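Just below is one structure, and these are the notes that go with it.
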Amino acid sequence: MKYEVGMIIETKKPHVCQNNLWIVIRTGADIKIKCQKCNREIMLPKVKLDKIIKKDN
């Protein structure tokens, strides 16, 4: 999947704040995402992020 800054993504499992919507704030080899509810920022490798996002058909 191709990620762009400002894109909203949904994860399979919720964050500890019970929210599963994230916004992409930085792209590259690692993708930085921010929780929409608690504003926690995490950085993940693209390969790992591809595995945890919900696939919509």
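Taken together, the values in this text are just the output of simple stated rules run on the coordinates, not laboratory data. These numbers come from a predicted model, not from an experiment. Neighbour counts are summed over all protein chains in view; Cβ atoms, including those assigned to glycine, are modelled from backbone coordinates with ideal geometry.
Key figures for this structure:
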quantity: Matching residues in segment 14-28 - criterion: being surrounded by 14 or more Cβ atoms within 10 Å (Cβ to Cβ) and assigned to a loop (DSSP other than H, G, I, E, B); calculated: His15, Asn19, Asn20, Thr27
quantity: Residue list for segment 42-55, restricted to those being of a type in the set (D, E, K, R) and surrounded by 13 or more Cβ atoms within 10 Å (Cβ to Cβ); calculated: Lys46, Asp50
quantity: Residue within segment 4-13 that is touching a residue at least 40 places away in the same chain (Cβ under 8 Å), in a loop (DSSP other than H, G, I, E, B) and not hydrophobic (A, V, I, L, M, F, W, C) present; calculated: yes
quantity: Among the residues listed as Ile31, Ile8, the single one being under 9 Å from the mean Cα position of the chain (by Cα) and exposed (fewer than 14 other Cβ atoms within 10 Å of the Cβ); calculated: Ile8
quantity: Count of segment 24-47 residues which are among the acidic types (Asp, Glu) and closer than 15 Å to Gly6 by Cβ; calculated: 1
quantity: Residue within segment 34-48 that is touching a Ser or Thr at 6+ places or on another chain (Cβ under 6 Å) and part of a loop (DSSP other than H, G, I, E, B) present; calculated: no
